[in-house]
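Participant: To start, I am sharing the structure in question, which I have written as structure tokens.
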Amino acid sequence: MQKKTLLGLLLGVVVAAAVAAVVVFVQFKGSAVDRECELYVGSRATYAELTDSLMPSIRHHAAFRTYARRLDLAHTFKPGHYVLRPGMNVIGIVRMLKLGEQTPVRVTLQNVRTPAQLARLLSRQIDADSTSIMAALTSKELAAEVGFDSVTLFSMFLPDTYEFYWTVTPRDFVLRMKREYDRFWTPERDARRQRSGLSRLEVMTLASIVYEETRRTDEMPRIAGVYINRLRRGVPLQADPTVKYALQDFGLRRILYRHLKYPSPYNTYINRGLPPSPICMPGKSAIEAVLNFERHDYLFFCARPTFDGYHNFARTLAEHNRNARAYSAELNRRKIK
């Protein structure tokens, strides 16, 4: 009888131990994530903030805390963008956070007009704040390091979508963009650039004006050709978008005579040649339009009164003035001031 009792107790202990082992195994090595989700751990985040963000997305909290204490995660976690995938266990999650095994984020550079706008755009996509990004974008030392100055550095950025680690520093971001810029300027593009007689900076600057003039990609090479003609003849570009940029009034719907006299190196009504730097981040279609500018003898263009996004082109001032009067009359009819 005693043997049976001892055997039963021993069997109970074995079963309990087996159950405990299964529970422990499940807690530490079983799936802790049911659905994919993202976790952002900022460079200024505390461990408490990390766990507050993490816990709603995982199971087996006790096992996580135990293993995290074992690896001293509270003092060794790395900031970053992490992706929790279904099937991950707490051991993998803790190690990922300790080793900083980030998943890159996609950073989209859109057609912003100023470095300040670029800084704000980036601050919504990476960990750095707009102040630190702006400091990098206006740094004389960093600009010189990549072959620009603090004014022309903006011409280096090309609109596209790139992969970065979320914790990329503003300095490393600029250095990466320099590599992308060098990659963009292939020997073939440089050969086409030489046809225009423009430098890379001048191509980017002219492309920014073309881009602001029209979104009609099929018309961009013709507009680029007008400006190339004016540059070669030493005629002021008289580009309305440069006036808006000089005024920093991008919502201005109608350029009036008083606007044309605004003192600024970016105002191409009072200054010959191109502005000191791009007036926006031009689309690649506009850059290609400058590199493939249309050869013609037009010197003027004016938006069509049909407001279809296209322009009427002219060879003489008299012809241009007729086009301009027609467009102005339509503005008046529509009460656009």
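Participant: I'd like the full set of residues that are of a type in the set (S, T, N, Q), surrounded by fewer than 18 Cβ atoms within 10 Å (Cβ to Cβ) and under 18 Å from Pro278 (Cα atoms), limited to the range 190-210.
Facilitator: Ser199
Participant: When only residues in the range 56-65 that are farther than 15 Å from Phe77 by Cα and part of a helix (DSSP H, G or I) count, which is most open to solvent (accessible area, probe 1.4 Å)?
Facilitator: Selected residue: Pro56.
Participant: Still on this structure, I have one more. Among the helices (runs of 4 or more DSSP H) confined wholly to the range 230-337, which include 2 or more residues that are open to solvent by less than 70 Å² (accessible area, probe 1.4 Å) and touching a strand residue (DSSP E or B) at 6+ places or on another chain (Cβ under 9 Å)?
Facilitator: 317-333
Participant: If you don't mind, there's one more thing I want to ask. Here are Val94, Val83: which of them is modelled with pLDDT of 90 or more and in a strand (DSSP E or B)?
Facilitator: Val83
Participant: Another question about this same structure. If I filter the range 97-138 down to residues being part of a strand (DSSP E or B) and either small (Gly, Ala, Ser) or farther than 30 Å from Tyr266 by Cα (or both), which single residue comes out as least open to solvent (accessible area, probe 1.4 Å)?
Facilitator: Val105
Participant: Scan the range 181-212 residue by residue and report those that are of a type in the set (Asp, Glu) and touching a residue at least 60 places away in the same chain (Cβ under 8 Å).
Facilitator: Once the filter is applied, which keeps residues that are of a type in the set (Asp, Glu) and touching a residue at least 60 places away in the same chain (Cβ under 8 Å), the range 181-212 yields Glu202, Glu212.
Participant: Let me ask something additional. Condition (residue is in contact with a Lys or Arg (Cβ under 7 Å, 6 or more places away or on another chain) and either open to solvent by less than 10 Å² (accessible area, probe 1.4 Å) or part of a loop (DSSP other than H, G, I, E, B) (or both)) applied to the range 211-219: is it met by at least one residue?
Facilitator: Checked against the condition, which is being in contact with a Lys or Arg (Cβ under 7 Å, 6 or more places away or on another chain) and either open to solvent by less than 10 Å² (accessible area, probe 1.4 Å) or part of a loop (DSSP other than H, G, I, E, B) (or both), the range 211-219 yields no hits at all.
The values are calculated or read from the model by the stated rules, or taken from the named source; none is laboratory data. What you see is a predicted model; the values in this text were computed from it and never measured. Positions of Cβ are backbone-derived with ideal geometry, glycine not excepted, and every protein chain shown enters the neighbour counts. Calculation scope for accessible area: heavy atoms of the full protein, side chains included, ligands and nucleic acids excluded. Shrake-Rupley method; radii C 1.70, N 1.55, O 1.52, S 1.80 Å.
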